[in-house]
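Beneath this line is the structure, given in structure tokens, with notes to follow.
Every read-out reported here was derived from the displayed coordinates using simple, explicitly stated rules and does not represent laboratory data. In this text, all values refer to a predicted model and were calculated from it rather than measured experimentally. With ideal geometry, Cβ positions are generated from the backbone for all residues, glycine too; neighbour counts draw on all protein chains shown.
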Amino acid sequence: MQALTNKAQQVDRRPMNLLERMYLPTIIKGMAITFSHIFKKKPTINYPEKTRPFSPVFRGLHILNRDEEGRENCTACGLCAVACPAEAITMEAAERKDGEENLYKEEKYAAKYEINMLRCIFCGLCEEACPKDAIYLSETFAPADYQRKQFIYKKEEMLIPHPINEPEAYAKARGNKVVTSQ
Amino acid sequence: MSEIKPKSTFKVTIDNITIDVAPGTSILTAARQIGGDVTPPAMCYYSKLEGSGGKCRTCLVEVSKGSEKDPRPMPKLVASCRTGVMDGMEVKNITSDKVKDARAGVVEFLLLNHPLDCPICDQAGECHLQDLGYSHGKEGTRYEFKRRTFEKEDIGPYIQLHMTRCILCYRCTYVADQLTDTRVHGILDRGDHAEISTYISKAIDNDFSGNMIDVCPVGALTDKTFRFKNRVWFTKPVDANRNCENPKCCGKATLWLRGADVYRVTARKDEWGEVQSYDSKPGWICNTCRFDKKKTSDWIIEGPTTINRHSVISQGHYEGMVMPTETIQKVMGGREPKLLMDIHDESGVNLSKK
């Protein structure tokens, strides 16, 4: 059979010679490699105390965005849910009443919005599908939990803090992500 | 002696496809008989409504040869819904660059005042203007001024009018004129100010007014019982019928289901987005069927509606769906699986109906 690439190597099945049968040289060689690692730079970090910088394209936990005046951007159009390959997103829409213009940007809003984080694969297609700049993936992980039911994230858990009332929390939640405004 | 008998069929060539049609057929109807890509899109023409057409100009075609007797081409593009075929006529639709250019212009004009609120609009996903914009429009608009806006208006208890989205195709006024006994709404004002309205918001309450929603090519007339309830691509259409007491109602409808809940009832649509005909009678449905019968037990379900697989509605994955058999019980010797999480217990949206 002809090999597809020239990378394939024949397995060496010759009987071991005396030096190989003694095993000692190989053991010493292995120990030397292990020992040399003591003097090398550690690739790990002490995680909760120290964190690594995130890549600008990192896709973490979802955040439902607000505009500058603190109104919710989401209009429950369902495009994120239809784009979601894992079918993790569900929502229920409601109509904005008179006097709620400071809460919701459009005349329709998401009354309920859920993402099942156990289903979510963090592909970012919801972010891409969103016509209202309402959902984006932040630079945080979904924290671990003891119960599976805690992983169904409701709207309250994903909504970004109010930019006017809580500017610091808002800036923190927004992170360094460059969001192009429409 | 030389008496020429009128020809029984006319030969017409549309985009190099020749077809014999009866005299008096419009170019659009002839193109629909061929079907497929050669059919010009139509926003205002509705074959089931007498007198409709000629307003939106999306069905413009080029006539490169007038007829066998007078082979001169027509000087301008013509509206195919209002132009009758002649013997030996040659029509260019998608093979003509002039037509493509003109249609892109028409789409731009139609979208001048049309708000781009598709994420909010209930029609999104089955909107003819959306399809037209995707297939024939350009990406941007050159319009720099404010779009005209109107207040939302309730026409009767079941229908809401968003005049802002209206493209003035006049279909709904023809429905009111031809289907219902007394017409109580029409077009007020002219030109840019023209608007559909009932006279001093007089309520529409006749039995077939709901068909206005079906004929509306955009989201200007929407079902108030379905308003913001769900998106069309999350609901699954099934064909159903019931014995309607109303003699004018055909009783055949499409139910838009989610689970066992009927979210919306519409008339059945054919491949051109028009109401289907039964025994050459258009299958309009009455308001009782449309707005009041919102239970599956009211209907006899025939099966899933055939949806074009390119439509966003087919994202519902309901066609040819095979439910996998539950194997856990078999493997575990008859024991029920212990669910670590049942989503219905946790979700506020996906509630189980037990």
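With all pairs of separate Cα atoms included, the range A:1-65 yields a Kirkwood hydrodynamic radius of 18.5 Å. For the range B:91-103, backbone phi angles converted through the Karplus equation (6.51, -1.76, 1.60; θ = phi - 60°) give residue-by-residue couplings of 10, 10, 10, 7, 7, 9, 5, 4, 5, 4, 5, 5, 5 Hz, Gly and Pro being listed as x. Sequence gap at least 6, Cα distance under 8 Å: using those rules, report the relative contact order of the range B:232-316 to the nearest whole percent. Across the range B:232-316, relative contact order equals 37 percent.
Listed values for the range B:335-341 are Karplus-derived 3J(HN,Hα) couplings in whole Hz (6.51 cos²θ - 1.76 cosθ + 1.60, θ = phi - 60°), namely 7, 6, x, 8, 7, 6, 8, and x replaces Gly and Pro. Across every direction, the projection of the convex hull enclosing the Cα atoms of the range A:62-174 has a mean area of 7.0 nm². For the options B:274, B:68, B:153, a Gaussian network treatment of chain B with springs between C-alpha atoms closer than 10 Å singles out B:68 as fluctuating the most. The amide H of residue B:263, built 1.01 Å from its N in the peptide plane, has B:256, B:257, B:258 as neighbours under 5 Å, considering only residues 5 or more places off or on other chains. For residue B:155, the amide hydrogen comes within under 5 Å of the amide hydrogens of B:160, B:161, counting only partners 5 or more places away or on other chains and with H modelled in the peptide plane. Mean per-residue shielding of peptide B:224-234 is 4, counting Cβ atoms of other chains within 10 Å of each Cβ.
Working from label points 7 Å from Cα in the Cα-to-Cβ sense, the residue A:101 to residue A:7 distance is 6.3 nm. Backbone amide hydrogens, once placed in the peptide plane, bring residue B:251 within less than 5 Å of B:286, excluding anything fewer than 5 places away on its chain. Comparing A:73, A:17, A:65 in a Gaussian network model of chain A where C-alpha atoms under 10 Å apart are linked, the largest mean-square fluctuation is found at A:17. Under a 10 Å cutoff between Cα atoms, tell me which one of B:245, B:336, B:62 has the largest fluctuation in the Gaussian network model of chain B. For chain B, modelled as a Gaussian network with Cα springs under 10 Å, the answer is B:336.
In the protein assembly as shown, the DSSP-assigned H stretches of four residues or longer account for a calculated mean residue ellipticity at 222 nm of -4500 deg cm²/dmol, using -39500 (n - 2.57) per stretch and the full residue count as denominator. With only Cα atoms counted, the range A:74-118 has Rg and Dmax values of 11.9, 37 Å.
Just how many pairs of Lys in the range A:33-182 have C-alpha atoms closer than 12 Å, counting pairs that are eight or more places apart or on different chains? Spell out each step's value before the answer.
Working: A:97/A:105; A:97/A:108; A:105/A:132; A:112/A:154; A:112/A:155.
Close lysine pairs found across the range A:33-182: 5.
Seen against the Cα atoms of chain A and their longest principal axis, helix A:24-36 is set at about 40 degrees.
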